[in-house]
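Comments concern the structure below.
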């Protein structure tokens with residue numbers, strides 16, 4: 001893509017600026033500092049041209065769900081001398097860890113000791129420390145990944161014992177619902193789990209990855225530090 005942006009992608013820049021402004025206003029309205037809230041542009045299925053427009057507009061973090069797609073996009077940008085920060089936000093199979101460890105900035109979906117051990121093994125091969133979040137299933141839905149809430153503290157404790165993982169906080173995928181009470185209760189659960197884990201293990205973990213396009217304003221009110229926003233930036237996904 002040339003430096004001149006194709007006019008068909010102007011909407012991405014407009015969307016990004018609008019999202020930033022909404023986050024700023026919402027953060028201030030609930031007594032938070034806007035700069036502590038970071039946006040991960042969920043770029044899965046979106047092509048590299050769109051991602052490049054967003055990156056040049058100021059988006060720093062991009063979230064991908066599929067290993068092969070992430071590797072392909074990483075190579076595209078690396079070949080162009082561009083360095084977006086890549087976050088893996090999908091369910092991660094242990095046999096795929098080796099493909100993303102060399103360049104991933106954060107993994108949001110550590111939900112088992114088995115996965116943590118695999119990340120540790122692969123990260124050690126590259127002499128690299130990887131930031132991770134512990135994924136918690138706050139909704140109780142069987143279709144969702146994540147450890148059970150009562151398992152959170154033990155999983156955090158185990159990951160802290162691994163030399164090549166750096167636990168930064170917790171992550172959840174809220175119920176896709178129009179019921180604000182349900183959404184808010186799940187975000188509150190994650191926030192409370194972080195508080196209890198910090199208290200019981202004498203830690204100071206700060207990151208809460210929660211909230212997407214449809215519920216990110218609630219997530220801000222409940223303490224989110226990472227928002228995973230895709231549709232509101234890139235438009236509807238085409239599968």
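The values are calculated or read from the model by the stated rules, or taken from the named source; none is laboratory data. From a predicted model like this one, the values you see are computed outputs, not experimental measurements. Note that each Cβ is placed from the backbone with ideal geometry, even for glycine, and that neighbours are counted across all protein chains shown.
Note on the stretch 170-186: residues that are in contact with a helix residue (DSSP H, G or I) (Cβ under 6 Å, 6 or more places away or on another chain) and crowded, with 21+ Cβ neighbours inside 10 Å total 4.
Just for the stretch 1-17: of the residues that are at pLDDT 95 or above and in contact with a helix residue (DSSP H, G or I) (Cβ under 8 Å, 6 or more places away or on another chain), which one is farthest from residue 56 (Cα to Cα)? Among those residues, the one meeting the criterion is 15.
None of 94, 138 is in contact (Cβ under 8 Å) with a residue 12 or more places away in the chain and more than 18 Å from residue 209 (Cβ to Cβ) except 94. Whether a residue is free of Cβ contacts under 8 Å to residues at least 60 places away in the same chain and out of contact with any strand residue (DSSP E or B) (no Cβ under 9 Å at 6 or more places or on another chain) was assessed, and residue 36 does not pass this test. Within the stretch 1-33, the set of residues being outside any helix (DSSP H, G or I) and either under 19 Å from the mean Cα position of the chain (by Cα) or without any contact (Cβ under 8 Å) to a residue 40 or more places away in the chain (or both) comprises 2, 3, 4, 31, 33. If the condition is being without any contact (Cβ under 8 Å) to a residue 24 or more places away in the chain and farther than 18 Å from residue 118 by Cα, then the stretch 152-180 contributes 177, 178, 179.
One line per residue, one yes/no per condition, for (1) touching a helix residue (DSSP H, G or I) at 6+ places or on another chain (Cβ under 7 Å); (2) under 25 Å from residue 169 (Cβ atoms); (3) assigned to a loop (DSSP other than H, G, I, E, B):
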| site | (1), (2), (3) |
| --- | --- |
| 52 | no, no, no |
| 55 | no, yes, no |
| 72 | no, no, no |
| 76 | yes, no, no |
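If you go through the stretch 34-50 and keep only what is farther than 24 Å from residue 133 by Cα, in a helix (DSSP H, G or I) and within 20 Å of the chain's Cα centre (by Cα), you end up with 48, 50.
Scanning the stretch 185-236 for residues that are part of a loop (DSSP other than H, G, I, E, B), out of contact with any strand residue (DSSP E or B) (no Cβ under 9 Å at 6 or more places or on another chain), at negative phi and in contact (Cβ under 8 Å) with a residue 12 or more places away in the chain yields 214, 215. Any residue at all in the stretch 80-89 that is buried (at least 19 other Cβ atoms within 10 Å of the Cβ), in a loop (DSSP other than H, G, I, E, B) and out of contact with any helix residue (DSSP H, G or I) (no Cβ under 7 Å at 6 or more places or on another chain)? Yes: the stretch 80-89 contains one or more residues that are buried (at least 19 other Cβ atoms within 10 Å of the Cβ), in a loop (DSSP other than H, G, I, E, B) and out of contact with any helix residue (DSSP H, G or I) (no Cβ under 7 Å at 6 or more places or on another chain). Taken together, 127, 79, 117 contain a single residue that is on the phi > 0 side of the Ramachandran plot and out of contact with any strand residue (DSSP E or B) (no Cβ under 9 Å at 6 or more places or on another chain), which is 127.
Filter the stretch 45-69 down to the residues that are surrounded by fewer than 22 Cβ atoms within 10 Å (Cβ to Cβ), farther than 19 Å from residue 6 by Cα and modelled with pLDDT of 95 or more and list them by number. Listed by number, the residues that qualify are 60, 61, 65, 66, 67, 68, 69.
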